[in-house]
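Nothing in this text is a laboratory measurement; each read-out follows from the coordinates by a stated rule. A quick note: this is a predicted structure, and the numbers were derived from the prediction, not measured. Please note: Cβ atoms are built from the backbone with ideal geometry, for glycine as well, and neighbour counts cover all protein chains shown.
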Amino acid sequence: MIESDGEVTRGAATLLVVPEWRGQRLSRDLDARVEEAKGLALAIGLDVVAVHSLRLRQTRAATLIGVGQIEAIRPDIDAKAVQLVIVDAPLSAIQQRNLETELGAKVIDRTGLILEIFGERAATAEGRLQVELAHLDYQAGRLVRSWTHLERQRGGFGFLGGPGETQIEADRRMIRDRMARIRRQLDDARRTRQLQRAKRQRAPWPVIALVGYTNAGKSTFFNRLTGSDVMAEDMLFATLDPTMREIRLPGIDKAILSDTVGFVSDLPTELVAAFRATLEEVTTADLIVHVRDIVHPDSDAQYDDVRAILDSLGVNGPQDGDAEAVEAVPQIEIWNKIDTAEPERRAEIEAVAERRADVAIISAETGEGVEQARMFMASQLTARHVEHRIFLAFDQGEAMAWLHARGEVLADVAEEGGHLLTVRLDPADRARFDRLWPSA
């Protein structure tokens, strides 16, 4: 946590620096970026007392921002007793240390802030391990920032003697050892999850994964569909640990709905790697539902961020000739928060949606359009179904039940030795059936 060194606590006065480089990030609205950065700070209880949005011509190797911009920031730090400065951009260890020296306050970058949020929110043992792994990976190259004594050397050990290793090398070695232990624990958890996933694939229920940018309303939509009380607040990263619930859809007796962690622009690479195993649940889903805050000024840019992470997981099909990527998972979009749109803007959104076959418009908060979204999801799950004729022996009752639950049995004709079924199945389900009952 930020307060681990005793300098910064929850509710601390915080100054936010939002740099913008000329010619970069033009797809994003600056005001929206500022509000998102404020939301990240609010997510761990910080009090943002001042904001400086800075236009940069170039990056300064020593401090990221220029001397004149540092001078412009310093009066607010003194006048408002700022304890923490958040820079909404990645900082090198040297830049972070130099800024702390120049500003006289603790400094963290966007990556460090997101890691703090994840560290506070992770509820499961696996989630906490993933966050710790990401945090250790982040800190491994930044020891020089926090420790000024690390260049002193320890004495040699054993028979060789000699100058020994420096303190910083010893600390880095301890971090590497801890990371190796965590990776082994996460591998064990991943194998357990793969076994659970295999059991779910044997069960005749489709899996639907909700994905989307953080604070797009996934958890509120999840609660509407399931009647659950998953944490759903107007707060970034309200949901971290994946949650699964059983739901009913029109014509589908049972489906499994999964709510996943929200994505964000510039998601730290350390976190993408650490949470990749958890996000792989998405790759085995039968349907991906991308929930979007369609009224947000950066809705299109947020869509691109989510798509980029889905591409990295391989759910959009092979990328750049990657033969190992999974087959593309069917996807639809749910355009949420329509109740917050002004009438003219709402009419524009509805006109665009009418020309799209993969979109439903809702307000998860009020319930508007949710029933139509349920019907839309059900139709997508059955859209690729193909009619098959399958013969089952009388003693293959489990296979019979599987087909009735997973598919649509159109005809059941008793013949000598068994039943001849005419059934509509998704191609993926037909492949699963053939693996489970190859003799059918």
**Report entry** Gain upon complete extension [A62, K254; 0.36 nm per residue less C-alpha separation]
**Finding:** 63.4 nm
Requested in this report: For R345 and D78, calculate 0.36 nm times their separation in residues minus their Cα-Cα distance, and state this gained length in nm to one decimal.
Outcome: 91.8 nm
Query raised in the report: Can you sort K218, K38 so the residue with the fewest Cβ neighbours within 10 Å comes first?
Result: K38, K218
Query raised in the report: R0 = 51 Å: FRET efficiency of A383 with S53, Cβ-based, nearest 0.05?
Result: 0.65
Query raised in the report: Going from the alpha-carbon gyration tensor of region 2-118, what semi-axes, largest first and in whole Å, does one get by taking the root of 5 times each eigenvalue?
Result: 20, 17, 13
Report task. Please report, in cubic angstrom per residue, the volume enclosed by the convex hull of the alpha-carbon atoms of region 386-436. Result -> 62
Query raised in the report: Which length gain, in nm to one decimal place, applies between A431 and L42 when the Cα-Cα distance is subtracted from 0.36 nm times their residue separation?
Result: 135.3 nm
Report task. Would you please name the chymotrypsin sites (Phe, Trp or Tyr not before Pro) within region 326-405 that are DSSP coil residues with at most 11 other C-beta atoms within 10 Å of their C-beta? Result -> F394
Query raised in the report: Which ordering of D304, D426 is given by a fewest-first count of other beta-carbon atoms within 10 Å?
Result: D304, D426
